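Read-outs: derived from the displayed coordinates by stated rules, not from any lab. Everything numeric here is computed off the predicted structure, so don't read it as measured data. Note that we place each Cβ from the backbone using ideal geometry, even for glycine, and neighbour counts take in every protein chain shown.
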Amino acid sequence: MTKLEAVIQPSKLDSVKEALLAIGIDGLTVLEVRGHGRQKGHTEFYRGREYSVDLLPKIKLEIVLRDETVDDVVKAILGASQTGKIGDGKIFLSRIDEAIRIRNEERGADAL
Ligand SMILES: Nc1ncnc2c1ncn2[C@@H]1O[C@H](COP(=O)(O)OP(=O)(O)OP(=O)(O)O)[C@@H](O)[C@H]1O
Ligand SMILES: [Mg+2]
């Protein structure tokens, strides 16, 4: 199993959700987050510590997937969220060892 984490522009959430629905993705988690990429701009020093002052609101999606669906999901997210401008966001993929459906203790990809 693979965990896909995608940080996207909040304005793209609806189109990304539609694109995921269209390819049959059921379970996902959506978080409201703040972040910055490499254009982080200015930082400020306050009492000797450096603080970022420009954390922008972003949406983060977390989806745990069967490995064979990852390519399609990445394509769907790219297609629905890419504008070509800075700040479009990022997709991260990592391995997931186990999943457990709490209701009936199903495990592995069957629990997704
Ligand atoms: N290396 C990273 N680790 C964790 N989160 C990140 C990382 N890079 C970007 N993000 C998250 O993604 C959001 C959007 O990043 P962004 O698209 O601006 O990346 P970038 O590297 O600056 O690329 P671009 O040049 O296209 O803007 C950030 O606000 C942050 O929440
Ligand atoms: Mg950026």
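Here are the numbers for this structure:
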read-out: Counted residues, the stretch 1-40 - those being part of a loop (DSSP other than H, G, I, E, B), within 11 Å of the chain's Cα centre (by Cα) and closer than 14 Å to residue 78 by Cβ; value: 1
read-out: Those residues of the stretch 75-112 which are of a type in the set (Val, Ile, Thr), more than 23 Å from residue 56 (Cβ to Cβ) and out of contact with any Lys or Arg (no Cβ under 9 Å at 6 or more places or on another chain), in sequence order; value: 102
